[in-house]
1. From the protein chains alone at 1.4 Å, what is the descending order of accessible area for S418, S154, largest first?
2. Taking only C-alpha pairs under 8 Å that are 6+ residues apart, what is the relative contact order of region 234-382 in percent?
3. In terms of the Cα gyration tensor, with a ≥ b ≥ c the square roots of its eigenvalues, is region 151-268 rounded because a/c is under 1.5, prolate because a/b exceeds b/c, or oblate?
4. Can you send over the carbon and sulfur percentage of the accessible area for region 93-203, probe radius 1.4 Å, protein chains only?
5. Enter the accessible area of K412 (Å², nearest 10), with the probe set to 1.4 Å and all protein chains included.
6. Specify which residue in the list L177, G190, Y136 is farthest towards the positive end of the charge dipole of region 93-203, using unit charges on the beta carbon of Lys, Arg (+1) and Asp, Glu (-1), about the Cα centre.
7. Sequence-distant or interchain residues sharing an amide H contact under 5 Å with N247, placed H: which?
8. Report, ordered by chain and residue number, the lysines lying within cross-link reach of K425, taken as a straight Cα distance under 20 Å and ignoring same-chain residues fewer than 8 apart.
Amino acid sequence: SRKTCDFNPHLDKPLAIQETRFSEKNQTQAPCTNGQNLAAHAHAPSSKQHRSHTHASSHQRARALFNRYRLSTDSPAAAPSRHGSRLYPIMAVLHYTLDFKLRAPADVSATVHGLQSIFQEQEMTENVHDSEGHGYVATFIGKNGRFAILRMHSHGLVTFDLQCLEGDDVGQVDNLLNALEKKLKALLNGNILRIKRLPALVRGSAVDRYWPTADGRLTEYDIDEVVYEKDSAYQNIKILHSRQFGNMLILNGDVNLAESDLPYTQAIMGSGKEHYAGKEVLILGGGDGGILHEAVKLKPKMITMLVIDGCRKHMRKTCGNVLDNLKGDCYEILVQDCVPILKRFVEQGRTFDYVINDLTAVPISTAPEEDSTWEFLRLILDLSIRVLRPSGKYFTQGNCVNLTDALIEYEKLLGQLSCRVDFSKEVVGVLQHLEEVMSLPPLSRPPPLLPECEASPSPSNAQRGE
């Protein structure tokens, strides 16, 4: 089991130097930012792929320290990117792995002796470590900064990790790995269940290509450029370019939306089964502009959009030009926190035919540290139902279909609202997430057969799981 934590002080924010305040009391950073709320590249404050990450204080201290070292975009030593921003050339580390799963523990002495000639040919010096009874552990240091770890575990697993600097002789590295794999096959002949050799993990490069899925799987994207990065008053915003998916929006380390993800937008609007013409629509969040862009095509009477951050420059294939102005022929964008606005709508008795919640996904777990997010969801759900007309529908995202406990908890939450509701759900494949996402369209108030205060879902629908 391997956990990594990499810091690159030059690449944390490839922008002009910014001031960062660091609070020792709560171990959080508070970047100083200025600018309009509806910034050129920002997004809604709650991510579509919400996760809770608990960072060690050493991680936070290191990040806070490195935040003081920002690259100036005017530095002549920096190399220009495709969009004109400049990055210092950084030498990344390539991390190769080679694993042998064995039927039974190997003969450590014979295996190590058989491998010595390979490391000697590569001019790598060996240092054996005390593993406290957990097999054999040795590190090797070679030319050009190469560093390797060989472990022969007592339960029958042999692992080899090799780190080398970007720009190292690829041919020599391949020869080392090929020779090691060939030799181990000969030494462990008949005892091998499985051999796994993975492509190199590139760590600390100018462009971060690795992002986790909601259920914790690591994904490598074909990202070739940091198009934009900034801390708004609410979140860290990155827009990265993928050769396959186009520009990708990442909020606080969570992959949100790519320009290729029209199926996500279509699903959260009802997958083409709804009739928006002449209707009043309320959009909560959705600062990428995708929902608004698609909704205006359907000739609604009026769309009201509540958003804090908006992305209108580098996601044009998603939002078109609808975020260029706060008002259009059939829409109005209110750059305000949605909670007080929803409360005001409730007091005024204002209602809508459709409410589309694109603020945040269902939390990834039911752990206590997620309680605040669950409370936020409860509040938004309750307020949204209060501004929804009796025949109206409420659409929202769920999360990765593998997060079954959290999705079940959300369905339980629907039975605790201030009035009875019926709901259905749909699974949609979102390309750049490389996972299936549960959507919950629609949640609606059924005909008033029961008292308005009834707080239980329709039993037939609940049993069918619709």
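1. Details: S418 45, S154 70 Å².
Per-residue accessible area, sorted high to low, gives S154, S418.
2. Relative contact order for region 234-382 comes out at 20 percent.
3. Verdict is prolate for region 151-268.
4. With neighbouring chains kept in place, the figure for region 93-203 is 51 percent.
5. Spelled out: K412, probe radius 1.4 Å, area about 120 Å².
6. With unit charges placed on the Cβ atoms, the residue in question is G190.
7. S242, E259
8. The qualifying lysines are K48, K273, K393, K412.
The values are calculated or read from the model by the stated rules, or taken from the named source; none is laboratory data. Computed from a prediction, not measured in an experiment: that's the story for all the values here. All Cβ positions, even for glycine, are placed from backbone atoms using ideal geometry, and neighbour counts span all protein chains on display. With ligands, DNA and RNA removed, areas are computed over all heavy atoms of the protein, side chains included. Shrake-Rupley method; radii C 1.70, N 1.55, O 1.52, S 1.80 Å.
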